[in-house]
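Okay, so here's the structure we're looking at.
The values are calculated or read from the model by the stated rules, or taken from the named source; none is laboratory data. Owing to the predicted nature of the structure, the values given are computational and were not obtained by experimental measurement. Neighbour counts are summed over all protein chains in view; Cβ atoms, including those assigned to glycine, are modelled from backbone coordinates with ideal geometry.
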Amino acid sequence: MRLGVCYYPEHWPESMWEDDARRMKALGIEQVRIAEFAWSRIEPTPGEYDWAWLDRAVEVLGAAGLQVVMCTPTATPPKWLIDRHPDILPIGADGRPRAFGSRRHYDFSSPSYFAASQKICTAIAERYGKHPAVAYWQTDNEFGCHHTVVSYSPAAVARFREWLRARYKTVDALNRAWGTVFWSMEYRSFDEIDAPVATVTEAHPSHRLDYRRFASDEVARYNRMQVEIIRAHSPGRPVAHNFMQLFTEFDHYKVAADLDVATWDSYPLGALEEQWFAPEVKARWLRSGHPDFASFNHDVYRGMSKLPFWVMEQQPGPVNWAMWNPAPLPGMVRLWSWEAFAHGAGCVSYFRWRQAPFAQEQMHAGLNTPDNRLDVGGSEAEQVAKNIRTVLAANADANAAVRSKVALVYDYEAKWLFEIHPQGADFHYPRFAFEYYSALRALGLDVDVVPVDASFDGYSMIVVPPLPMVPADFAARLASSGAQVVFGPRTGSKTQDLQIPANLPPGPLADVLPLRVWRVESMRPNVTEPVLGAGTQEPDAAIGHARHWRDLIESRDAHAFDVLARFADGHPACVRSGAFHYFASLFDDSLTVRLFAQIAQRAGIQTHPLGESVRISRRGALTYVFNYGDTAHTLTDVAEDRFVIGSSTVPPQGVAVYRSN
């Protein structure tokens, strides 16, 4: 458990650097990220490097006892490079280049940019690869931010055709997989295939899905190039990338496979404002963030990181980029920091050391105000550093891994498919995955977020949000785990080529869940469907309501499943066959929690309903309690002498940590 900070020496007079480094160390900071946007200072003119200033910055930080996270500066190609190679600029869906003047103005498929990136990455890795102060590396910055994963440039189209050739081998195989006989779209060669954009009406969905897959693979290829260069010149130093919160435009599992550390940038208040949450939910958690949002991201990135994941950028105060930007409540920066550690983070790094008084992010708070005084976030970070020492003194293995009994399957291609084929405008995969996760956390459960190809051995309960495409061995792996399994609606509804399975949904899952989805419907946001109990205790009693979607299901044989709940019109809403459960809709939060509690009980898992404001996490031999609410929360079954931080009364925005046994 350690703290870090993001620092930009190029933004400040050199006379401030030593004092900044001294104050960082005194505050409890141990690692400092630098240089991710510094290309124009490193290479001010083509081929001429100015290392002197960066050498001095690294020396100053190292002399203060700080470890440096050195970044490749490829997120911000300088103007001279764009002028030399305008093909670097990505092409938007409107056919126009996205111009220089901010950041991330590059095309992952541009051969000019790939070569330029190789050159600058090699130069910086050779320069600092073995420097004693440089302990870690970060590739680029926030891959895909500002809608920059997909480009429709000539270079991207050329590489897409090669990608298709490698995937399908022959154009006849592609035509069959896509079903291009529809609307007379058959191709005679791969060279005839363009990007699926600017068509008169909807472009072919299989074409669009493959383009998304291709664009994602381009991100992984670009990151892999940088990682290989760093490893060659800086052996033994972990390599990270800072992903973004709930970002789904490329397959993060594939990118993380080449990294040592998956990190992410945590801005709970900005995320609350920009995500799907209803206005009343945004108002409720205005200055704290939703109680499950940061933890969901922690668990996503923990699941793909070889070493303990990090938070590379932690919100320390108001941000600048949401439509409205409230200030965190007192205590929230401390709470967010400890919540990351409770989910297994190895480092929480704050963005940034000092608020910049110029340019695009001048309204984004730092640990210090622009006049160099410690801000509220800085004071709370200092408190966290003191708490870390207390926790580690009480329990040296406080961050030891604890495998959860519950797994939630999370898939990036599912999001792309539902975006391409929503069938209902608000069928939003990340939202539904999050709502399932939130329901599990409200029951006091720790959750591992895993990919679709994960091993499920050792889990007692496995939750699968709507997953349209399932691997051929998915059902067998789930069955062999012995776990209770929950499938959301639309699971198994499409093949890998985005066609309806020959046996109808749930396709390959019919072997373990013998039902047939014979019709579907989407529901408007102002329409819900009552859900009635089907058990002996509540026959025909309303127990909740369905939203967004309905699968109309029937048995494949006379006694294939038990009906646990029905819609008001008699169609099954929730069914079970052995250990496998199928939800034929997205249910309201309370009904989802209720059903998960029943299934957890069948799995032998003890639940602890927490309500909306309090969350619990277990790590090593410690239990962490977080109070997002407005009133104090009292722990009635924990002796006071077991507390390492706090007490049995957890105040609003408070944190308590106690020995689990």
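Brief remarks follow.
- Members of region 598-618 that are at pLDDT 95 or above and either of a type in the set (Phe, Trp, Tyr) or on the phi > 0 side of the Ramachandran plot (or both): GLY604
- Any hit, region 257-267, residues being farther than 24 Å from SER110 by Cβ, outside the structural domain of ALA433 (by TED's automatic domain parsing) and aromatic (Phe, Trp, Tyr): yes
- Among all residues of region 536-544, there is at least one that is in the same structural domain as MET461 (by TED's automatic domain parsing) and either under 15 Å from VAL517 (Cβ atoms) or of a type in the set (Asp, Glu) (or both).
- Every test in (1) in a loop (DSSP other than H, G, I, E, B); (2) of a type outside the set (Gly, Ala, Ser); (3) closer than 20 Å to ALA385 by Cβ is passed by PRO77 save one, and that test is (3).
- Within region 173-228, the only residue that satisfies the criterion of being among the polar types (S, T, N, Q), in a loop (DSSP other than H, G, I, E, B) and surrounded by 15 or more Cβ atoms within 10 Å (Cβ to Cβ) is THR180.
- Scan of region 38-68 for residues that are in contact (Cβ under 8 Å) with a residue 60 or more places away in the chain, assigned to a loop (DSSP other than H, G, I, E, B) and buried (at least 17 other Cβ atoms within 10 Å of the Cβ), ordered by number: GLU43, LEU66
- Some residue of region 370-379 being at pLDDT 95 or above, over 17 Å from ALA621 (Cβ atoms) and among the hydrophobic types (A, V, I, L, M, F, W, C): yes
- Sole residue being without any contact (Cβ under 8 Å) to a residue 60 or more places away in the chain and not in a strand (DSSP E or B), chosen from ARG566, ARG547, ARG594: ARG594
- Test: residue in region 243-260 that is out of contact with any Lys or Arg (no Cβ under 6 Å at 6 or more places or on another chain) and farther than 26 Å from PHE418 by Cα: yes
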